[in-house]
Amino acid sequence: MFSGSIPALITPFRNGAIDEDAFARLVKWQIDEGSNGLVPVGTTGESPTVSHEEHRRVIELTVEVAAKRVPVIAGAGSNSTREAVQLAEFAERAGADGILSIVPYYNRPNQEGQFQHFKAVAKATSLPVIVYSVPGRTVVDIAVDTIKRLRDECPNIVGIKDATSDMGRASFERITLGDDFVMLSGEDITALGYNAHGGRGCISVTANVAPALCAAFQNACLSGDYATALTIQDRLVPLHKALFIEPNPAGVKYAASRMGLCSEDLRLPMVPVTEGTRKAIDDALVHAGLING
């Protein structure tokens, strides 16, 4: 259902508003370059600082431009269960193919609270639900046993976006949740290891600016050609690292601006990257063959 290279799309801004033309071009380019799916308005899409109206509009645009050529997994997460349910319901009405729902952040629910939260989201939609585990941003995390309990209770909870960097957890997910459970990495630099442990793709930041390379990398992993995947990994590792020197998505928006995809405009409290980081990203883009030195 969901596999391969799936960019967590940036949301281009210009003069304080969403740059719809740039976003539409980005979506089309991603598909033309071989991306296997699209995630609008996740964390990389600055979901914390877009309005509800803007959030809905970005999903609509993605669905419209994608035109069923690749699946759209709409960001629909919140630390408010009511809000997460409303976003999931809208994503289904808008024609998305699935939703990505983050572990509730800041209010730090225990495992029972997380179970009830995701159960409510899943019961509100017929769409496939991918649970997003990223403890570096949410503080608390969902246990694999809780995911299994959810999967058993809610058949439309079909996968995990795992940004824990814990390869041991990846193997535990696979043996606990089964081969049919969709395991997607949420971290570019460790996606190679995650795939070796049973993953089938990555919801990627780097794919915003290197979609063809990220797609080739994931295709090689899916075909079991880890020698080719390692060669591509070596081209991308400096970029994977440089994009996260400062908080995401500041780095990838700068990289996108260097490639002429959109402006690097961000919404406060996010600010543009420093000169030192710009140099590191430029060097990484050259190393990957994405811009000229």
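Total Lys pairs in the chain closer than 27 Å by alpha-carbon, pairs eight or more apart in sequence or interchain only?
Count of close lysine pairs: 17.
Give the order of 173, 92 when sorted by the count of other beta carbons within 10 angstrom, beginning with the fewest.
92, 173
Using amide H atoms built 1.01 Å from N in the peptide plane, name the residues 5+ places from residue 204, or on other chains, whose amide H lies under 5 Å from its own.
6, 8
Per 5 Å bin, what percent of the C-alpha pairs of segment 76-162 does each bin hold, from zero upward?
Calculated P(r), rounded to whole percents: 3, 17, 31, 27, 16, 6, 1.
Give the Rg/Rh ratio for segment 103-218, taking Rg as the radius of gyration of the Cα atoms and Rh as the Kirkwood radius, to two decimals.
So for segment 103-218, dividing Rg by the Kirkwood Rh gives 0.97.
If contacts are Cα pairs under 8 angstrom and at least 6 residues apart, what is the relative contact order of the chain in percent?
Result for the chain is 18 percent.
Which whole-Hz couplings ³J(HN,Hα) result when phi for each residue of segment 166-179 is put into the Karplus expression 6.51 cos²θ - 1.76 cosθ + 1.60, θ = phi - 60°, listed in order with x for Gly and Pro?
Calculated HN-Hα couplings, in order: 9, 5, x, 5, 4, 5, 5, 4, 5, 6, 8, 9, x, 5 Hz.
Kindly work out what percent of the DSSP beta bridges joining two residues of segment 4-234 are antiparallel, to the nearest 5.
That works out to approximately 10 percent antiparallel.
Starting with the fewest neighbours, write out 223, 257, 101 ranked by other beta-carbon atoms found within 10 Å of each beta-carbon.
Fewest-to-most Cβ neighbours within 10 Å comes out as 223, 257, 101.
Based only on other Cβ atoms within 10 Å, what is the fewest-to-most ordering of 214, 221?
Placing the least packed residue first, the sequence is 221, 214.
What is the Cα radius of gyration of segment 189-293 over 2.2 N^0.38 Å, N being its residue count?
1.09
Can you run phi through the Karplus equation (6.51, -1.76, 1.60; θ = phi - 60°) for segment 210-216 and list ³J(HN,Hα) in whole Hz, with x for Gly and Pro?
Couplings: 10, x, 5, 5, 5, 5, 4 Hz.
With viscosity set to 1.567 mPa s and temperature to 4 °C, compute the Stokes-Einstein D of the chain, Rh being the Kirkwood radius across alpha carbon pairs; µm²/s, no decimals.
69 µm²/s
Taking amide H positions as placed 1.01 Å from N in the peptide plane, with prolines and chain starts having none, which residues 5 or more places from residue 14, or on another chain, fall under 5 Å of its amide H?
Answer set, sorted by chain and number: 19.
Compute a Gaussian network model of the chain, connecting alpha carbons closer than 10 Å, and tell me which residue from 36, 208, 248 fluctuates the most.
Evaluated over the chain, the most mobile residue of the options is 248.
Every number in this text was worked out from the coordinates using simple rules, so none of it is lab data. Note that the structure is predicted; figures quoted are calculated from it, not measured. All Cβ positions, even for glycine, are placed from backbone atoms using ideal geometry, and neighbour counts span all protein chains on display.
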